[in-house]
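The values are calculated or read from the model by the stated rules, or taken from the named source; none is laboratory data. Every value quoted in this text rests on a predicted model; they were computed, and no experiment measured them. Cβ placement follows ideal geometry from the backbone for every residue including glycine, while neighbour counts extend to all protein chains displayed. Accessible surface is based on the protein model in full, side chains and every heavy atom, while ligands, DNA and RNA are left aside. Shrake-Rupley method; radii C 1.70, N 1.55, O 1.52, S 1.80 Å.
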Amino acid sequence: MPCRRCLVLGAVLGALILPSGLHAGGGAQSGNAAYYVYADGSDRNDGLSREAPFQTLGKAIDTAKRGKIKRITVIGTLTESSEQRTSYSRDPESVFFIKDSGRAEITIRGMNRAGLNASGSKKRVIKIAGKSNIRFEHIAITNGYLNADNPGNGGGVYLKDTSIVTFGNGTSVSENSAVQGGGVYALGSESAQARLTLAGGKIINNRAEGSVGEAGAGIYMQYSICRILSGEITGNVAVDDNGGGLLLKEGTLEMSGGIIGDNVGGGAYIVGSSFAMKGGIIRNNRVSFNAGGVALFMSDFTMTGGGIVHNTAAQAGGGVFVLQSVYTVSGGEIAHNTAEYGGGVCINASDSDNPVDFVLSGGSVHHNQAKEYGGGVFILNGTIELSNNAELTNNIATSGGGLAIENSILYIKDNALIRDNILSGNGHGGGIYIATGTLAMSGGRITGNSGLYGGGVSAMDCAFTMSNTASITDNTASNSGGGVFFGSGTFEMTGGAISNNITHNSGGGLYVGGYCTVLLSGGVISGNRSAKEGGGIDVRAYNIVTMTGATFSGNRAEKGGAVHVWDQGVFNMWNNDVFKPEGGVIIGNEADSGGGVYVDKGGDMTRNGGSLQNNKPEDILLEEDAPELVELNIENS
C-alpha cells in the first residue's frame with residue numbers, strides 16, 4: 001500500500017493540474033491564461049478552455065473586462081451568424097461591437113487561421129467605442145462592406161471616442177470597403193483623441209470611395225493619434241486620390257518603422273496635423289494628381305529618418321507635396337520619386353501672403369525626376385533653407401535638375417551639397433533654376449551639375465548673393481554659363497568661389513545676360529573654361545559689372561580669358577577706398593585674344609583701381625572701334 005505521505009502529495013499535485021493554467025480559486029496564474037471563443041461554442045460555458053469555449057466575442061469581452069484574465073483566443077472564424085444571436089452586438093452597422101471594455105489592455109489573439117469576418121452582412125467588421133483598449137494578434141479582420149447602397153465609414157474597424165487599438169504581429173485588416181476608412185476609421189474629439197498603433201500588423205487591400213480629401217483607403221483618422229512602429233499599410237485604393245494608405249485630419253502621426261506602400265491615391269494625406277517620421281518607408285505609392293508619397297495641408301512634418309522612395313504623382317510632388325505647411329528634414333532620404341513638377345518635393349504656398357518653409361538640414365534628396373521643373377525640389381511662394389550636411393544629388397528635370405524656385409527665397413548654408421543634377425531637355429539650371437526670387441548663398445557647394453544654360457545655377461529676375469565659403473564648382477553648360485547663367489536682377493559676390501566650371505559657348509564661370517547689376521567685392525573666380533567668350537565672366541549688352549575686390553585667376557577662353565564685355569555692356573574695375581590697386585586682381589588668365597579683359601565693339605570699361613598681371617597674351621584688349629579705356633588715378637597697375 002502507498003504511504004500516507006505519498007497520497008497527500010499526489011492529491012496536491014492533482015489539484016494543481018487545472019485547465020488553462022488557473023488556480024483552484026479561479027484567478028489568473030500567469031499571463032498565458034485566456035478565454036476561448038469558437039463559433040460552435042456556447043456562452044453558457046466558462047470559456048476557460050478549448051473544450052468549453054464561448055460562442056461570441058461579445059461574451060468573452062464582457063467577461064474579460066470584469067475579471068483578471070485579459071486575453072481572448074479566437075479559434076477559427078467568427079461571423080455574423082453566431083454573434084448576432086446574442087445581446088452582445090448592439091451596433092446595427094457592425095458585426096462585432098466593443099464598448100467601454102476598460103483601460104486595461106485586452107488582447108484578442110487568433111489560432112487556427114482565426115478571423116473576424118463580415119462577409120455577406122453589408123456591415124463593418126467591428127466597432128470599438130468608449131473607454132476601450134484592445135490589442136489584436138494573429139487574426140484577420142475581413143470583408144466589411146459599407147458602400148454604395150449602404151454607405152458608412154470604417155469597413156474593417158471603427159475606433160470611436162477615446163478607444164485605443166493596437167494591431168500586433170500576425171494581424172491583418174484586409175478586403176474591406178467603406179466611404180471613408182476602408183480598412184480602419186478612427187474618430188475622437190478635440191479634447192479626447194482615439195489612439196491607433198501599428199506594431200507588426202498589416203492593413204492591406206482595402207478600398208475607400210470618399211470624395212477628394214475624404215477617403216483614406218487603409219486608414220482614416222480625425223482627432224486621433226497614430227503610431228506606426230512596424231508592419232505595413234499596403235495595396236489600398238482611394239478612388240478619388242486622397243490617402244490611399246492613410247488620411248489624418250487634426251491629429252498626430254508618428255512613424256518609426258513599417259511600410260506605407262503600393263497604395264493607389266497616394267501614401268499619406270495629412271491635413272491640419274503633425275507628422276514625425278523617424279524611420280520606416282513610404283514607397284511605391286501613386287496618385288493621378290498631386291502627392292505620390294505624402295500630402296501636407298496646413299500641417300507640420302518633421303523627418304529625421306526613414307525614406308520616401310519610388311512614389312509617383314501625375315502632376316506635382318512625387319515624393320512629398322506641401323501646401324501652406326512647414327516641412328523640416330534632418331535625416332532620411334527622399335529618392336527615386338517622379339512627377340511633372342517637384343519630382344522629390346513640391347512646395348506650394350498658393351499665394352505670397354501665406355509662405356511655407358522647407359528646411360533641409362540633413363538627409364538626402366536624390367535620384368528624383370520631374371518632367372518639367374525641379375527634379376529634386378520645386379517651390380512656389382515659399383522659403384527654403386539648405387544647411388548643415390543636407391544633400392540634393394543626382395536629380396533630373398527639364399529645368400532645375402536639383403531645385404527650381406518661383407517667387408521664393410532660397411538660403412544655402414554650411415556644408416549643404418547640390419551635386420550631379422542634370423537636365424533632360426533644353427532648359428535652365430542643372431543644379432538650381434530660379435524663375436523669380438532670392439538666392440542667398442553663404443556656404444555649401446554646387447558642384448558637378450550640368451545643363452544647357454547654367455550648369456550650376458540659372459537665375460532670372462533674381463537677387464543673388466554669394467559670401468563666406470559658398471562655392472560653385474565643376475559644373476558644365478552645353479550652351480552658356482558653366483557656373484552661373486544670370487538672366488536679370490542683381491548679383492553680389494563678397495566671398496566664396498566660382499571655379500573650374502565649363503561652357504561650350506560663353507561665360508565659363510558667370511554669364512550675365514540682360515539688365516543685370518553685378519558687384520564683385522570679394523571671392524574668387526578661377527579655373528573656369530569657355531569655348532568662346534568670357535572664361536571667367538561674359539558681360540552681355542545692357543549689363544553693368546563692377547569689380548572692387550574679387551580675384552580672377554587661371555580662367556581660359558577664346559576671347560576674354562577673365563572678362564569679356566559685349567556691345568553696350570559695362571565693366572568697371574575700381575577701388576572704393578582711396579584708389580588703390582587692391583580693388584581687385586585679374587591675374588594669370590589666358591585667351592586667344594584678351595587674356596585679362598576683352599572689350600568688344602560698343603562695350604565700356606572704366607578702371608580706377610585694381611590690378612591686372614600676367615594675363616596672356618595681354619591684360620586688356622580693346623576691339624577696333626571700341627571706346628577708349630577710361631583709367632583714373634591708377635597706381636602700380
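List of remarks:
- Looking only at region 241-254, residues that are open to solvent by 30 Å² or more (accessible area, probe 1.4 Å) and either within 17 Å of the chain's Cα centre (by Cα) or within 20 Å of Thr171 (Cβ to Cβ) (or both) come to 2 in all.
- Between Val74, Val125, the distinction of being part of a strand (DSSP E or B) and within 12 Å of Val157 (Cβ to Cβ) belongs to Val125 only.
- Subset of region 55-68 (residues that are open to solvent by less than 40 Å² (accessible area, probe 1.4 Å), closer than 11 Å to Glu83 by Cα and not β-branched (Val, Ile, Thr)): Gln55, Leu57, Gly58
- If the condition is being out of contact with any strand residue (DSSP E or B) (no Cβ under 8 Å at 6 or more places or on another chain) and among the polar types (S, T, N, Q), then region 102-161 contributes only Asn150.
- Given (1) free of Cβ contacts under 8 Å to residues at least 60 places away in the same chain; (2) not in a strand (DSSP E or B), index of the condition Ala186 fails: (2)
- The residue of region 178-187 that is farthest from Asn263 (Cα to Cα), among those that are at pLDDT 95 or above and open to solvent by 10 Å² or more (accessible area, probe 1.4 Å), is Leu187.
- Among (1) within 22 Å of Asn381 (Cα to Cα); (2) crowded, with 22+ Cβ neighbours inside 10 Å, the one test that Thr465 misses: (2)
Residue by residue, here is whether (1) closer than 21 Å to Val345 by Cα; (2) acidic (Asp, Glu); (3) not in a strand (DSSP E or B) holds:
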position: Ile405; (1), (2), (3): yes, no, no
position: Ile409; (1), (2), (3): yes, no, no
position: Asp414; (1), (2), (3): no, yes, yes
position: Ile434; (1), (2), (3): yes, no, no
position: Ile446; (1), (2), (3): yes, no, no
position: Phe491; (1), (2), (3): no, no, no
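- Where a residue in region 462-488 is farther than 15 Å from Asp420 by Cβ and its partner, wherever it lies, is among the acidic types (Asp, Glu) and at pLDDT below 95, with Cβ under 8 Å and at least six apart: Gly487/Asp461; Ser488/Asp461
- Scan of region 108-139 for residues that are within 18 Å of Gly67 (Cβ to Cβ) and touching a residue at least 60 places away in the same chain (Cβ under 8 Å), ordered by number: Arg109
- Filter result (touching a Phe, Trp or Tyr at 6+ places or on another chain (Cβ under 7 Å) and assigned to a loop (DSSP other than H, G, I, E, B)) within region 56-67: Thr56
- Scanning region 503-559 for residues that are of a type in the set (Phe, Trp, Tyr), touching a strand residue (DSSP E or B) at 6+ places or on another chain (Cβ under 7 Å) and closer than 21 Å to Ser488 by Cβ returns a single hit, Tyr511.
- Boolean, Asn633 is surrounded by fewer than 23 Cβ atoms within 10 Å (Cβ to Cβ) and modelled with pLDDT of 90 or more: no
- Meets criteria (under 11 Å from the mean Cα position of the chain (by Cα) and open to solvent by 10 Å² or more (accessible area, probe 1.4 Å)) for Gly332: yes
- Test: Ser442 is open to solvent by 10 Å² or more (accessible area, probe 1.4 Å) and either in contact (Cβ under 8 Å) with a residue 12 or more places away in the chain or among the aliphatic types (A, V, I, L, M) (or both): yes
- Top-ranked residue of region 138-177 - restricted to ones that are of a type in the set (Phe, Trp, Tyr) and either open to solvent by less than 40 Å² (accessible area, probe 1.4 Å) or under 30 Å from the mean Cα position of the chain (by Cα) (or both), ranked as nearest to Glu93 (Cα to Cα): Tyr158
Residue-by-condition table, conditions (1) at positive phi; (2) modelled with pLDDT under 95; (3) surrounded by 24 or more Cβ atoms within 10 Å (Cβ to Cβ):
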{"site": "Met221", "(1), (2), (3)": "no, no, yes"}
{"site": "Ile233", "(1), (2), (3)": "no, no, yes"}
{"site": "Asn236", "(1), (2), (3)": "no, no, yes"}
{"site": "Val239", "(1), (2), (3)": "no, yes, no"}
{"site": "Ser256", "(1), (2), (3)": "no, no, no"}
{"site": "Val264", "(1), (2), (3)": "no, no, no"}
{"site": "Tyr269", "(1), (2), (3)": "no, no, yes"}
{"site": "Arg283", "(1), (2), (3)": "no, no, no"}
{"site": "Arg286", "(1), (2), (3)": "no, no, no"}
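- Test for Tyr598: is it outside any loop (DSSP other than H, G, I, E, B), hydroxyl-bearing (Ser, Thr, Tyr) and either touching a His at 6+ places or on another chain (Cβ under 9 Å) or open to solvent by 30 Å² or more (accessible area, probe 1.4 Å) (or both): yes
- Entirely in region 523-570, the strands (runs of 3 or more DSSP E) that have 1 or more residues that are crowded, with 20+ Cβ neighbours inside 10 Å, within 40 Å of the chain's Cα centre (by Cα) and touching a residue at least 60 places away in the same chain (Cβ under 8 Å): 537-539
- Pairs where the first residue, in region 192-215, is part of a loop (DSSP other than H, G, I, E, B) and the second is of a type in the set (Ser, Thr, Tyr), C-beta under 6 Å, 6+ apart: Ala192/Thr162; Gln193/Tyr223; Gln193/Ser224; Asn205/Ser174
- Total residues in region 310-326, condition more than 20 Å from Gly245 (Cα to Cα) and either modelled with pLDDT of 95 or more or surrounded by fewer than 24 Cβ atoms within 10 Å (Cβ to Cβ) (or both): 2
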